[in-house]
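Engineer: Mind looking over this structure? Questions follow.
Coordinate-derived values only; no laboratory data. Fair warning: this is a prediction, and the values are worked out from it, not measured in the lab. Cβ: placed from backbone, ideal geometry, glycine included. Neighbour counts: every protein chain shown.
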Amino acid sequence: MLAFFLRRVLIALPTIILISVFVFALQKLLPGDPLTVLAGEERDPEVLEFLREKYRLNDPIIVQYFTWAGNAVQGDLGISLRTNQPVTELMAQKLPVTIQLAVMSMLFALLIGIPAGILSAVKKGTVTDYVANIVALSGLSIPNFWLGIMLILLVSVKWQLLPASGYVPPGEDLWQSIRTMLMPAFVLGTALAATLMRHTRSAMLGVLSADYVRTARAKGLPERTVVLKHSFRNALTPIVTLTALLFGELVAGAVLTEQIFTIPGFGKLVVDAVFNRDYAVVQGIVLVTAVGFIVMNLIADMLYFVLNPRLRGA
Amino acid sequence: MIDLTTDPVLTAKPESRVWKKFRSHRSALLGGILVAFFVLIAIAAPVLPIPDPFATDWGAVRQAPSWAHWMGTDEIGRDVMSRMIWGAQASLLAGVVSVGIAVAFGVPLGLVAGYFGGWTDAVISRCTEALLAAPFLILAIALAAFLGPSLTNAMIAIGISATPIFIRLTRGQVISVKSEDYVDSARAIGLPTRQILSRYILPNVLPPILVQATLTIATAIIAEASLSFLGLGQQPPEPSWGSMLNTAKNFLNQAPWMALWPGISIFLVVLGFNLLGDGLRDALDPREH
């Protein structure tokens, strides 16, 4: 088992190195000098030169890459050109906010997506299945930032039930924190629920026609037990893997959701950084999310391994 | 006894069988109609009897839908319906062009990686994985940011972000096709690799690519709307659904209709491409008769 994990980690390494090259190249290949923003209106050549030295932009590109990558490995992703804070520190500040959003969204997604998927697989071809599929496809087609705007309009502006924006740390006021995050999490969660429902459905359909399910039925077990114990547990493996892989969608969705509900998280950070041409922050975020995705992949592999006893002997 | 020679499914020509299955899917047909509708209004925008999408009217600012302005007016008195119709151009263009870019780069790279294997494959595949690791929208945002905000750059950014999907799909398909007998015989009669790839392999891997392309257009349209919403796509005053929503969110209280129509348009056109893609997948899948 350990060998399996080590091999996985070794395979992931070249990918991570390549990502770092891409992320680094991003700023080198494309036009626009970040320093002209910093140097102010006059763009004094002496000031520019000083800044170039300070941010080591005069070194050869290869040296710049290794300096950057070497620092990145030690957790130093550079300094935000805008706020003069270390990028890692900035990200560490925003991360808990986005994690709270992500966890709550995932809860919504799991609570809606999995039961809906099971139901539509069990009732395949019926009206229930048809409706569930239409709802899921609609969930995939609705731009989630629009859904957010519409919810604000209804829930906050018209009915005044929930706050339209902002963020309250859970440590400060847990109830208020959950209330503020409820709508954003719902918006982000529904999009994921749609994907999850479709995958749960197809995984369940594959399992429901298996021999052992027929045997379970033949033994006269109640349908509930057949579906939940005998079928769902076997369909769970691909679902767990997929859930880990939804990480990318989650982060990308968070960008827009945080923008609409003005939540000071990771997504807001990247958008603000983009408009400020704060390259170090943009690079840092792309790098960290990509590496995060690979780590989630590894976790998915491990869960797959743990959940699937057949692999354990191998 | 069943007479197989008269079975309409078995005796039909392959194309018409695909067409029949496709038509029998009411949802796919609905998708086709939705897509056709938006393509039509996008093309017909210049000749439709609608107000100029740029014409401001300070006497008619943020007016609710009426006979004069069916979908109301925006914050500087422009006709929302007109801007919505013209906005269809930007959205569809972005969807088709960015997927075009992704297919144009992704499919050849996938063909080469899948067919030659070895080092070529290793290099292409590792790069693909690295690109796939960055979330689609984050990558598109970063690229659009570095390239500078414009519709063209948004299309390039989305195109590049979608390319690895097509590399991976094509590569997988090629690997499963290249050991087929007809490819072996093409190689045996000494056809050059170029011809084997273009004449024997490409046509056989095309159907899943077509399905993926249709579904990716849906994703790309949402991505363009998202970028424009963030201010990284189509720049105002040029009409686009994403930037219309961006403005609309500041006037939710006074003019909710400004937010309603662009969102519905994005939803319908994306739903259209999704339904179409799902229908195509069912119709082109030879396993499911």
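Engineer: If you check A:VAL281 against the conditions, is it assigned to a helix (DSSP H, G or I), facing chain B (nearest Cβ under 8 Å) and farther than 30 Å from A:MET1 by Cβ?
Structural biologist: On the way: assigned to a helix (DSSP H, G or I): yes; facing chain B (nearest Cβ under 8 Å): no; farther than 30 Å from A:MET1 by Cβ: yes.
No.
Engineer: Here are B:ALA162, B:ALA133, B:ALA142, B:ALA122: which of them is farther than 30 Å from B:PRO239 by Cβ and buried (at least 19 other Cβ atoms within 10 Å of the Cβ)?
Structural biologist: Numbers: B:ALA162 fails: farther than 30 Å from B:PRO239 by Cβ; B:ALA142 fails: farther than 30 Å from B:PRO239 by Cβ; B:ALA122 fails: buried (at least 19 other Cβ atoms within 10 Å of the Cβ).
Going through B:ALA162, B:ALA133, B:ALA142, B:ALA122 in turn, just one is farther than 30 Å from B:PRO239 by Cβ and buried (at least 19 other Cβ atoms within 10 Å of the Cβ): B:ALA133.
Engineer: Taking the stretch B:261-289 as the search range and keeping residues that are under 17 Å from A:SER141 (Cα atoms), aliphatic (A, V, I, L, M) and surrounded by fewer than 24 Cβ atoms within 10 Å (Cβ to Cβ), which one is farthest from the chain's Cα centre (by Cα)?
Structural biologist: Taking the candidates together, the pick is B:ILE264.
Engineer: Just need a number here: residues in the stretch A:234-266 that are assigned to a helix (DSSP H, G or I) and more than 9 Å from chain B (Cβ to nearest Cβ). Spell out the reasoning first.
Structural biologist: Step one: list which residues in the stretch A:234-266 are assigned to a helix (DSSP H, G or I), which gives A:234-245, A:247-260, A:266.
Retained after the next criterion (residues that are more than 9 Å from chain B (Cβ to nearest Cβ)): A:234-245, A:254, A:257-258, A:266.
Matching residues across the stretch A:234-266 total 16.
Engineer: Test B:VAL174 against the stated conditions and say whether it is away from chain A (no Cβ under 13 Å), under 17 Å from B:SER226 (Cβ atoms) and surrounded by 24 or more Cβ atoms within 10 Å (Cβ to Cβ). Even if it seems obvious, please write down each step before you answer.
Structural biologist: Values: away from chain A (no Cβ under 13 Å): yes; under 17 Å from B:SER226 (Cβ atoms): no; surrounded by 24 or more Cβ atoms within 10 Å (Cβ to Cβ): yes.
No; evaluated as a whole, the condition is false for this residue.
Engineer: Listed residues B:MET258, B:MET244; which is touching a residue at least 24 places away in the same chain (Cβ under 8 Å), in contact with an Asp or Glu (Cβ under 6 Å, 6 or more places away or on another chain), within 11 Å of chain A (Cβ to nearest Cβ) and surrounded by 24 or more Cβ atoms within 10 Å (Cβ to Cβ)?
Structural biologist: Values: B:MET244 fails: in contact with an Asp or Glu (Cβ under 6 Å, 6 or more places away or on another chain).
The unique qualifying residue is B:MET258.
Engineer: Here's another thing I want to ask about it. Determine which single condition A:ASP211 fails, assuming it passes every other condition in (1) without any contact (Cβ under 8 Å) to a residue 24 or more places away in the chain; (2) touching a His at 6+ places or on another chain (Cβ under 9 Å).
Structural biologist: A:ASP211 satisfies all of (1) without any contact (Cβ under 8 Å) to a residue 24 or more places away in the chain; (2) touching a His at 6+ places or on another chain (Cβ under 9 Å) except (2).
Engineer: Further question on the same structure: Of all helices (runs of 4 or more DSSP H) completely enclosed by the stretch B:146-256, which ones contain at least 1 residues that are over 20 Å from B:GLY272 (Cβ atoms) and more than 24 Å from the chain's Cα centre (by Cα)? Please lay out each step first, then the result.
Structural biologist: Working: elements: B:151-177, B:181-188, B:202-230, B:241-248.
In the stretch B:146-256, the matching helices (runs of 4 or more DSSP H) lie at B:151-177, B:181-188, B:241-248.
Engineer: Further, regarding this structure: For the stretch A:133-174, which positions are among the small types (Gly, Ala, Ser) and within 20 Å of B:ILE264 (Cβ to Cβ)?
Structural biologist: First, pick out the residues of the stretch A:133-174 that are among the small types (Gly, Ala, Ser): A:136, A:138-139, A:141, A:148, A:156, A:164-166, A:171.
Within the stretch A:133-174, A:ALA136, A:SER138, A:GLY139, A:SER141, A:GLY148 qualify.
Engineer: Still on this structure, please answer the following. When only residues in the stretch A:97-155 that are closer than 18 Å to A:ILE178 by Cβ and not hydrophobic (A, V, I, L, M, F, W, C) count, which is farthest from the other protein chains (Cβ to nearest Cβ)?
Structural biologist: Keep residues of the stretch A:97-155 that are closer than 18 Å to A:ILE178 by Cβ, which gives A:97-112, A:148, A:151-152, A:155.
Filter again for not hydrophobic (A, V, I, L, M, F, W, C), leaving A:98, A:100, A:105, A:148.
Numbers: A:THR98: 12, A:GLN100: 19, A:SER105: 14, A:GLY148: 9 Å.
Residue satisfying both the conditions and the ranking: A:GLN100.
Engineer: Looking only at residues that are among the aliphatic types (A, V, I, L, M) and more than 8 Å from chain B (Cβ to nearest Cβ) in the stretch A:284-293, which one is surrounded by the fewest Cβ atoms within 10 Å (Cβ to Cβ)?
Structural biologist: If we filter the stretch A:284-293 for residues that are among the aliphatic types (A, V, I, L, M), which is where we start, we get A:285-288, A:290-291.
Of the ones still in play, those that are also more than 8 Å from chain B (Cβ to nearest Cβ) are A:287-288.
Details: A:LEU287: 23, A:VAL288: 19.
Ranking the qualifying residues of the stretch A:284-293, first place goes to A:VAL288.
Engineer: Among the numbered conditions (1) small (Gly, Ala, Ser); (2) away from chain B (no Cβ under 13 Å); (3) touching a residue at least 24 places away in the same chain (Cβ under 8 Å), tell me where A:GLY220 comes up short.
Structural biologist: Going through (1) small (Gly, Ala, Ser); (2) away from chain B (no Cβ under 13 Å); (3) touching a residue at least 24 places away in the same chain (Cβ under 8 Å) one by one, A:GLY220 breaks only (3).
Engineer: On to the next question. Quick check on this structure: which one of A:ILE112, A:ILE99, A:ILE134 is assigned to a helix (DSSP H, G or I) and touching a helix residue (DSSP H, G or I) at 6+ places or on another chain (Cβ under 6 Å)?
Structural biologist: Working: A:ILE99 fails: touching a helix residue (DSSP H, G or I) at 6+ places or on another chain (Cβ under 6 Å); A:ILE134 fails: touching a helix residue (DSSP H, G or I) at 6+ places or on another chain (Cβ under 6 Å).
Among A:ILE112, A:ILE99, A:ILE134, only A:ILE112 is assigned to a helix (DSSP H, G or I) and touching a helix residue (DSSP H, G or I) at 6+ places or on another chain (Cβ under 6 Å).
Engineer: A further question follows. Which condition number in (1) in a helix (DSSP H, G or I); (2) surrounded by 15 or more Cβ atoms within 10 Å (Cβ to Cβ); (3) of a type outside the set (D, E, K, R) is the one that B:ILE33 fails?
Structural biologist: All conditions pass for B:ILE33, except number (2).
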